[in-house]
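The structure appears below as structure tokens.
The numbers here are math on the coordinates, done by the rules we state, and not lab data. Just so you know, these numbers come straight off a predicted model, no measurement behind them. Every residue, glycine among them, receives a Cβ derived from its backbone with ideal geometry; neighbour counts consider all protein chains shown.
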Amino acid sequence: MVWRSLIASVSAAGLAAAALLGPVAADASAISHKPRVPANATHAGNLGWASSNWSGYAVASAGTPFTSITGTWRVPSVSATKTASYSSNWIGIDGFNNSSLIQTGTESDYYNRAAHYAVWWEILPAAETPITTMTVSPGDLINASISRGAGGVWTITIADATTGAKSTTTHAYSGPLTSAEWIEEAPSIGGRVATLAHYGSATFDPGTVNGASPGLTASDGGAMVQHGVQVSTPSAPDPAKDGFSVSYGSTAPAAPTT
């Protein structure tokens, strides 16, 4: 699904918000995961969109609401940085062109001269809820799912296949269900988009939406641009069109082989 026509309608206010990046507090207090903040799409190359806080892939509903999403990835290892930096890997529904978002993921941050890793879920407008019953380490294999069940109750599940730890919670959610995403994000700290951590690379594969392959195309992909510099770039989709890799920096990684 092609996002370029949607990108063309980005407001000047949205572009201004993308420019308000700067140093944030060196801790993990009040972490939140904002909807996509648009950036100048000329940075996207053959991708469909650019953002100051998201990179990865997002698909748009063709009229059928998105009621489930799954994703698999390994927790990235972050490198030391001079100032605090943050990164999140997550799956979610909504948030691409609206202020709603239901999501779950992992955190890979560097602050106070140390790397920090965590698990969380979030339903906007609330900040993230850390899952304190789980701990994760770099390289752990994560399986996550979000789905709507009977009575409109949503189930959020995130599991660490490496350790066997798992969290399942149920919630109310009433977003428009018009987009589904697999995202490498620079989260927000205290309401401001943080500097992206040097996360190396990550692979989301496989992913499903509404129980089927999302049929990813390059135009569903987006790069992250902070202070005019492209800092996170996804690959082309894999041959099955249900996965991709994403790397820190402006160079696209190779796509997964399956």
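Observations on the structure shown:
- DSSP beta bridge pairing in region 4-248, given as percent antiparallel to the nearest 5: 95 percent
- For a straight C-alpha distance cut-off of 28 angstrom, the lysines reachable from LYS82 (same-chain residues fewer than eight places away being disregarded) are LYS34.
- Rounded to the nearest 20, the Cβ-based charge dipole of region 4-248 about its Cα centre (Lys and Arg +1, Asp and Glu -1) stands at 300 debye.
- Three-way shape call for region 63-171 based on the alpha-carbon gyration tensor, with the a/c threshold at 1.5: prolate
- THR257 versus SER147: modelled label distance in nm, points set 7 Å from Cα along the beta carbon direction: 3.1 nm
- For the pair THR163 and THR135, the difference between a 0.36 nm per residue extended length and the Cα-Cα distance amounts to 9.2 nm.
- Cα lying deepest toward the dipole's positive end in the chain, options VAL119, GLY200, SER250, charges on Cβ: SER250
- Gyration tensor (alpha-carbon) shape descriptor, region 30-82, a/c threshold 1.5: oblate
- Averaging Cα coordinates gives a centre for region 89-155 and one for region 187-239; these two points are 14 Å apart.
- Radius 10 Å from Cβ of VAL75, net charge of other residues (Lys, Arg +1; Asp, Glu -1): -2
- Mean ellipticity per residue at 222 nm, deg cm²/dmol - from DSSP H runs of n ≥ 4 across the chain, formula -39500 (n - 2.57): -1000 deg cm²/dmol
- Under 10 Å, Cβ to Cβ, from SER52 - net charge with Lys/Arg +1 and Asp/Glu -1: +2
- Among residues other than THR133 with Cβ under 12 Å from its Cβ, the summed charge is 0 (Lys and Arg +1, Asp and Glu -1).
- Rounded if a/c under 1.5, otherwise prolate or oblate - the chain, Cα gyration tensor axes: rounded
- Ranked by the mean number of other Cβ atoms within 10 Å per residue, highest first, peptides 111-123, 147-159, 196-208 order as 196-208, 111-123, 147-159.
- Ordering 59-67, 83-91 by mean Cβ neighbour count within 10 Å, with the highest value first, yields 83-91, 59-67.
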